[in-house]
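Asker: Quick one: this structure, given as structure tokens, is what I'll be asking you about.
The values are calculated or read from the model by the stated rules, or taken from the named source; none is laboratory data. The structure presented is a predicted model; accordingly, all values stated were derived computationally and were not measured. Note that we place each Cβ from the backbone using ideal geometry, even for glycine, and neighbour counts take in every protein chain shown.
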Amino acid sequence: MLLNEFLILGAVIFGIGIYGVLARRNGVLVLMSIELILNAVNINLVAFGAFHHDIAGQVFALFTVAVAAAEVGVGLAIVLLIYRNKRSIDLTEVAEMKG
Amino acid sequence: MIQLIAAVAEAPSNTSAPWLVEQVWIIPLLAALSFPLTLAFGKRLPGKGQEIGLALVGTALVLSIALGASWAGRGHIELEEHSAEAIHATYTGTAAGDGESKATEEHGAETTGKGAEGHGAETAGKGAEGHEAETTGEAGHEAEPVHVRPYYESEQTWYQNGPIHIGFGFHVDGFAVVMLFTVCFISFLVHLYSTEYLRGDRRQTHYFAALGLFTAGMLLMVSASTTIQVILGWEIMGLCSFMLIGHWWEESKNSNAALKAFFTTRTGDIGLLVGMCILFFGAGQTFNIAKINQAAIDGNIQRTLLVCAAAALFVACIGKSAQFPLHTWLPDAMAGPTPASALIHAATMVVAGVYMVARLYPVFFEAFRISDNFQFAVIGGVNPIAIIGAITLLIAGGLAFVQTDIKKVLAYSTVSQLGYMVMGLGVGAWTGAIFHLFTHAFFKALLFMGAGSISHGVFHSFELEDYGGLRKYMPKTFVTFMVGTGALMAVPPLAGFWSKDEILLGAGKNGYGLFLVASALGATLTCGYMTRVVYKTFFGEYSGPHTPEAIEHAEHAEHEAHGHDDHASVPAGMAAVAHGAHQAERGPHDDEPAAEHVGRSSPGHGAGAPLGGYPHESPWNITVPLIVLAVMSVVTGVINAPGLLAFTHFTAIEPIVAAGVPEPHFDIVIAVWSTVVGLAGAGVAYLWFFKEIRFGLDGITSRNKAARAGYLFLVNKYYLDELYENVFIKGIKGPIAAGAYWFNQNVIDGVVNGAGWTAKTFGNLVYDRIDQTAVDGTVNGVGAGARGLGRGLKGLATGRVQQYAALLIGGAAAGALVLYLVTLGS
């Protein structure tokens, strides 16, 4: 089995996700980028699971999917609240945690 | 699912323990219940929740006494029925070691080598069948078995993940039983005392809730079977200590003191966590104290790990038990209500560190090689525990001289006595240390409560200069305080004499000569400062706030004082003679929280005539605890008198015996010598502080002679008292009288003054140089460092989430790179 292709795909998606998280100013797009990161990890998990003939990889991937769903739910709620308060979802405008 | 872990694997007695021993968890639970119940229902009860605390802790006390009784019963049955080979072998081995040391005493200087040899043989042979014969043969003595009651342990699985098993359970042995009793006893009396002392306080309910939780924490810790529980109880106590010290947080001084206490002990707590983690891995992934001790005795813990763990745990002890250099929090902690000080900062919490060291004693015993120490020619053995203890006891003893606040004197005295306990553990006097812990709890609680009673009667002042002559006004407090002082000064046959003597004995017999001297010096200091306190408080003239200005002040504050009409509860007999007539008119105590510290300006005593400002005896719920504790301060010592040794037999626990901790026998030379040295301190201080009376009276006679001798010059020079000068100034000369007088004034006074001056200068020096500069400087430096670091890091906190994410990812990438390079290299 060709493991490398899957890993490369995962790495690329991961990179795109990182880029999106760091560079995007739109809150929703940042959340979507986080989804990309998580799915990149899922690809790795499933690929390694298949490679080692171990079901654990898929099980973990399922867990990740469930967690990601919950996480995006919370995330979107936050974005919604930010929008209600600021009339914008530009993350650069949200700097309430400034020390 | 209760999983019984066999005490010694061979002790089947575990299943046949008395009911209360098996169900010991009830005692901490009762105290713990006090916390939620008081908080939930306290405010609605007439006593603001004190009933709940009193009832629950009282029940716990009754149970702990019953536990003690059933524990004492357990032993006799045990020894007759179960002289099983395994137990016997273990004990014979140690007893052989004991005999060995006895033998070497006769042989002189070979103690170290031989002791080590015997010990090594014992550990090596442990578990082997031939062990018994081997050691007995080697000892060449008929080995008398040490009578030990096998401990009982019930442990439930709290959490299990693979091989890691975290248990939660209770461990009952003689030591735990004694501690349970002590804590319940003191706590109950403190509850009782607080019903008067904090009557009408605005946060009375919270106070009693914290008191209950605190008691529960200590009880949980002393009956813990795992180190996790020790940490849990330890931290509960830290929290409650914070709450109680900062009870009157409206004054920033108090809340600062609470923070200082919390953070200083927290510094040590890091050591506790680290040490317990090291022990967990070192002893083969177990939190069970008995197993850790066994592993330490068997040498199954890698030496480096053992030393690291012991050092880290000792740091925790330094923090919690206020040892040098982390002792500075304890005197400040006196900002809390006095009964809380009595409970927490004298009798129980501060001994948590000592308790922890004593409980895990085999770890320290093996790590620092206490029994076969590296010996210097003259000064004898040294090890870190003993050194820290000795430094603490001397420094604190010196500092106690220069304090003007009675509670601070007692606080430094506590630090000093804790130094004794730690030093006792350091020199291998295990029984001595925990016996001192036991007796000290009673007499120091007595002294603190006495100080509270004094301040209660003297308008909430703790300043020694406001006292004087109080023995006339507060006879019960006076007598009980004197008993406590006697016990602390180790006057035979009071409690402190027996316990302190055992520590000295340990130091002397185990080859720790230097520490024998240090502790004798400490005893001298103790006697000195306690004499000073007693003089300033109870003798001389009352100098408190009954002066015209103060009375006026009090009258001014009168309308602010809130009244209670339960003054009938003060028995008339307790009223001081001087103001009996004004008793009825006098307003009750003002228990407004701030009053204790605002001192004389706020009490509501101005209702009567000016004489109404005189101090008075405290009501029954203050004096009864004092009397009970005074009785305990007398009897607790005698129980371990030579020949009786009830305490030694009661608390003889297996790990200590198995580790071969020596149990020296009473030595009349050390006892007499230490008492004489100590009381010499009291004598010097007596002359010094009572001098105004003593030498004043002497002065009249000698001045008479001197006046007759007409030694005008000397009289003028040495006497400031102008009345005396004017009366005796034109006298007759007499060379002999003059000479005697001169001798009296110059030589005797010089010696006495010199001694006093030296002590005072030493105290001041220590306070200024070490306490204020070095210790405080370090503490402040750490604080400033943290602040600077925070300021520097503040720039990083821009509030831009994406910048944080970039940092995070950058860090992770750097970590990944390092990992990659490392794996590449290997």
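Condition check ((1) within 14 Å of chain A (Cβ to nearest Cβ); (2) surrounded by 11 or more Cβ atoms within 10 Å (Cβ to Cβ)) across all residues:
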residue	(1), (2)
B:771	no, yes
B:778	no, yes
B:787	yes, no
B:791	yes, no
B:799	yes, yes
B:802	yes, yes
B:811	yes, no
B:814	no, no
B:822	no, no
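Asker: For residue B:247, only one of the following conditions fails: (1) touching a Lys or Arg at 6+ places or on another chain (Cβ under 8 Å); (2) part of a helix (DSSP H, G or I); (3) within 27 Å of residue B:205 (Cα to Cα). What is its number?
Answerer: (2)
Asker: Checking residue B:760 against (1) without any contact (Cβ under 8 Å) to a residue 60 or more places away in the chain; (2) within 30 Å of residue B:329 (Cβ to Cβ); (3) of a type in the set (Lys, Arg), only one condition comes out false. Which one?
Answerer: Tallying (1) without any contact (Cβ under 8 Å) to a residue 60 or more places away in the chain; (2) within 30 Å of residue B:329 (Cβ to Cβ); (3) of a type in the set (Lys, Arg), residue B:760 fails exactly one: (1).
Asker: In the range A:74-99, what count of residues is obtained for those that are farther than 19 Å from residue B:806 by Cα and within 14 Å of chain B (Cβ to nearest Cβ)? Spell out the reasoning first.
Answerer: Keep residues of the range A:74-99 that are farther than 19 Å from residue B:806 by Cα, which gives A:74, A:76-89.
Filter once more, so that each one left must be within 14 Å of chain B (Cβ to nearest Cβ): A:78-79, A:82, A:86, A:89.
Of the residues in that region, 5 qualify.
Asker: Considering the range A:13-26 alone, what residues qualify as being over 13 Å from the mean Cα position of the chain (by Cα) and either surrounded by fewer than 16 Cβ atoms within 10 Å (Cβ to Cβ) or in a helix (DSSP H, G or I) (or both)?
Answerer: Within the range A:13-26, A:23, A:25, A:26 qualify.
Asker: Take the conditions of a type in the set (A, V, I, L, M) and either at pLDDT 90 or above or in contact with a Lys or Arg (Cβ under 8 Å, 6 or more places away or on another chain) (or both) and apply them to residue B:296. Does it pass?
Answerer: no
Asker: What is the one condition in (1) surrounded by fewer than 20 Cβ atoms within 10 Å (Cβ to Cβ); (2) over 19 Å from residue B:338 (Cβ atoms); (3) small (Gly, Ala, Ser) that residue B:255 does not satisfy?
Answerer: So residue B:255 meets the others, but not (2).
Asker: In addition: Among the residues of the range A:24-55, which ones are closer than 21 Å to residue A:4 by Cβ and among the small types (Gly, Ala, Ser)?
Answerer: Once the filter is applied, which keeps residues that are closer than 21 Å to residue A:4 by Cβ and among the small types (Gly, Ala, Ser), the range A:24-55 yields A:40, A:47, A:49, A:50.
Asker: Right, another one. Looking at the range B:589-692, what helices (runs of 4 or more DSSP H) fall wholly within it and have at least 2 residues that are surrounded by 21 or more Cβ atoms within 10 Å (Cβ to Cβ) and at pLDDT 80 or above?
Answerer: Answer list for the range B:589-692: B:620-638.
Asker: Scan B:259, B:279, B:239, B:220 and give me the residue that is in contact with a Leu (Cβ under 9 Å, 6 or more places away or on another chain), assigned to a helix (DSSP H, G or I) and under 22 Å from residue B:327 (Cβ atoms).
Answerer: B:239
Asker: Every residue in the range B:476-485 that is out of contact with any Asp or Glu (no Cβ under 7 Å at 6 or more places or on another chain) and either aliphatic (A, V, I, L, M) or surrounded by fewer than 24 Cβ atoms within 10 Å (Cβ to Cβ) (or both), please.
Answerer: Once the filter is applied, which keeps residues that are out of contact with any Asp or Glu (no Cβ under 7 Å at 6 or more places or on another chain) and either aliphatic (A, V, I, L, M) or surrounded by fewer than 24 Cβ atoms within 10 Å (Cβ to Cβ) (or both), the range B:476-485 yields B:478, B:479, B:482, B:483.
Asker: Also, I was wondering about something else. Any idea which of B:352, B:333, B:295 is farther than 18 Å from residue B:428 by Cβ and either assigned by TED's automatic domain parsing to the domain that holds residue B:445 or in contact with a His (Cβ under 8 Å, 6 or more places away or on another chain) (or both)?
Answerer: B:333
Asker: Continuing with the same structure: Please go through the range A:1-43 and pick out each residue that is away from chain B (no Cβ under 14 Å) and touching a Leu at 6+ places or on another chain (Cβ under 7 Å).
Answerer: A:13, A:43 - these are the residues of the range A:1-43 that are away from chain B (no Cβ under 14 Å) and touching a Leu at 6+ places or on another chain (Cβ under 7 Å).
Residues are listed down the side, and each one gets a yes or a no for (1) part of a helix (DSSP H, G or I); (2) not aliphatic (A, V, I, L, M):
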{"site": "B:301", "(1), (2)": "no, no"}
{"site": "B:313", "(1), (2)": "yes, no"}
{"site": "B:325", "(1), (2)": "no, yes"}
{"site": "B:351", "(1), (2)": "yes, no"}
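Asker: Part of a helix (DSSP H, G or I), more than 14 Å from chain B (Cβ to nearest Cβ) and farther than 30 Å from residue B:790 by Cα, is that true of residue A:70?
Answerer: Criteria met by residue A:70.
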